[in-house]
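S.K.: I have a structure here, written as structure tokens, and I will follow up with some questions on it.
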Amino acid sequence: MSALSNKANLAGSTAGWLVFGVRNSTWRVVGTEYRRDPERLNGLKKQVSDGTGPSLTLRSIRVFDRPNGRVIIFEIPPAPQGIPISWKGHFYSRAGESLEPLSIEKQDAIRQESSMLDWTGQTLEDASVDDLSPKALAVAREAFTQRNSARIPRKEIEGWDDDQVLTHVGLETKHGLTRAAILLLGKPESAYILNPLMAELT
């Protein structure tokens, strides 16, 4: 779990995959008897969660009955940005078919990802203009108008809707409002949108 999760992160993949019942060298289905009981198989999710740090579990477990035998495919999420995943206190990676310790260089590469992300520039799927303070929006509009008075007529800016203003000031993209929009212009009750960092707006 640790090895595949860390490798998926470093490779920029959306998931790592572990397959039982298929021969690696030929991709021939040979079948597996691993945890035939569905309850025991699903119990693996808790076992993985308990053994990884920080806690991470299998995204899905898929079982296929083929003519040549049973195949199980485990979908493993990549390590989160900036956080390598350990198994019982040790960090692992994959080198071909081999399991090996995750090198210090690779651990650092994962940890440095968090510093490369512009957290405030990321968009929020659940945020909308309704989560912003009308008063703060008006102040932002006026500030933009004054700063750009030499190139954009005031009447033109006054004709823009809120989304257009937010786009021009860099607080909204085609994917939605950014975290910066909530931080700078959000209503106090909109702070929950910024979870899990639990930001407090003042």
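S.K.: Determine the dipole magnitude for the chain: charges of +1 sit on the beta-carbon of Lys and Arg, -1 on that of Asp and Glu, nothing else is charged, the reference point is the Cα centre, and the result goes in debye to the nearest 20.
M.R.: About 860 debye.
S.K.: Only one of the values (i) 51; (ii) 61; (iii) 66 was calculated from this structure for percent of Cα pairs over 21 Å apart; name its label.
M.R.: The value matching this structure is (iii).
S.K.: Could you please rank 185, 44, placing first whichever residue has the fewest other Cβ atoms within 10 Å of its Cβ?
M.R.: Placing the least packed residue first, the sequence is 44, 185.
S.K.: Out of segment 91-165, which trypsin sites (Lys or Arg not before Pro) are coil in DSSP terms and have no more than 15 other C-beta atoms within 10 Å?
M.R.: Details: sites: 94, 106, 111, 135, 141, 147, 151, 154, 155; in loops: 151.
Passing sites in segment 91-165 are 151.
S.K.: Follow-up question, since we're still on this one. Just to confirm the number: angle between the C-alpha axis of helix 134-147 and the first principal axis of the chain, 0 to 90 degrees, nearest 10?
M.R.: Result, in degrees: 70.
S.K.: Also, I was wondering about something else. Give the longest segment of the chain that steers clear of GluC sites (Glu not before Pro) in DSSP loops with at most 15 neighbouring Cβ atoms within 10 Å, not counting the sites themselves.
M.R.: 126-199
S.K.: What list of ³J(HN,Hα) couplings, whole Hz, do you get for segment 35-52 from phi and the Karplus terms 6.51, -1.76, 1.60, once you set θ to phi - 60° and write x for glycine and proline?
M.R.: Running phi through 6.51 cos²θ - 1.76 cosθ + 1.60 with θ = phi - 60° gives 6, 4, 6, x, 5, 5, 5, 5, x, 5, 4, 5, 4, 5, 4, 5, x, 9 Hz.
S.K.: Dipole of the chain (Lys/Arg Cβ +1, Asp/Glu Cβ -1, origin at the Cα centre): which of 137, 192, 85 lies farthest to the positive side?
M.R.: Going by the charge dipole, the pick is 85.
Values quoted throughout were computed directly from the atomic coordinates according to the rules given, and no laboratory measurement underlies them. Worth saying up front: this structure is predicted, and the values here are computed from it rather than measured. As a convention, Cβ positions derive from the backbone with ideal geometry for all residues, glycine included, and neighbour counts pool all protein chains shown.
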